[in-house]
Amino acid sequence: MKHLVLGGVRSGKSAFAQEQVATSGKPVCYVATSQVWDDDMEKRVQRHKENRPAEWRLIEEPLALADVLNSLNSPNQAVIVECFTLWLTNLLCLEDEARLVKEKLALLSVVENFQGDLVLVSSEVGLGIMPMNALARRFADEAGEMNQALAKLTNRVTLVAAGLPMPLKSTL
């Protein structure tokens, strides 16, 4: 099962995604893409650590996400990735267009071929106003395109708002 979970900031998407991966009955690996840039982000990361089971394996990887998923690709594995928009931010900050394209293509390939249970968390950023600067517009465009591509490759897509999961796609 491959499941894309979308939502805004503090929408409840993380808690919902964790519930989904926990029901697999398989060993869980939590793949975190965030980097700690400031005190606020450090507090957010700490809160996420406190809210997930201690027995889950943790891998922190801000850039080479496809490599990590390839290493975990097994029918006996459950993986949660959080979050794709932070991963895109990390890649955009490199200002290396070739690396961005390479990582995105590699990631989509591994998601398509992933054999275990995979829960992907991403922010839905396209519901607000048009961003004022070029980088913010590029980020919104990249996130929207990535979310669309992931939605095509997953069996389930759920939008979470105000803690309420709203199924958008469910195929077996």
| task | Working only within segment 1-44, note down all residues that are more than 23 Å from Gln148 (Cβ to Cβ), of a type in the set (A, V, I, L, M), in contact with a helix residue (DSSP H, G or I) (Cβ under 8 Å, 6 or more places away or on another chain) and in contact (Cβ under 8 Å) with a residue 40 or more places away in the chain. | result | Val28, Ala32
| query | If only one of Leu120, Leu107 is in contact (Cβ under 8 Å) with a residue 40 or more places away in the chain, hydrophobic (A, V, I, L, M, F, W, C), in a helix (DSSP H, G or I) and within 18 Å of Gly144 (Cα to Cα), which one is it? | reply | Leu107
| message | I need the full set of residues from segment 45-80 which are touching a residue at least 12 places away in the same chain (Cβ under 8 Å), of a type in the set (S, T, N, Q) and part of a helix (DSSP H, G or I), in order please. | response | Asn70
| Every pair of residues 6+ apart whose Cβ atoms lie under 6 Å, when the first sits in segment 143-166 and is without any contact (Cβ under 8 Å) to a residue 60 or more places away in the chain and closer than 14 Å to Lys13 by Cβ while the second is aliphatic (A, V, I, L, M) and outside any helix (DSSP H, G or I) | Ala143/Val125; Met166/Leu159
| query | Across segment 126-142, which residue is farthest from the chain's Cα centre (by Cα) among those that are part of a helix (DSSP H, G or I) and in contact (Cβ under 8 Å) with a residue 40 or more places away in the chain? | reply | Leu135
| Scanning for something closer than 29 Å to Gln77 by Cβ and of a type outside the set (D, E, K, R), does segment 129-139 turn up at least one residue? | no
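Here, each number is a calculation from the coordinates, and none is a lab measurement. This one's a predicted model, so the numbers in the text were calculated from it and none came from an experiment. Note: ideal-geometry Cβ built from the backbone for every residue, glycine included; neighbour counts use all protein chains shown.
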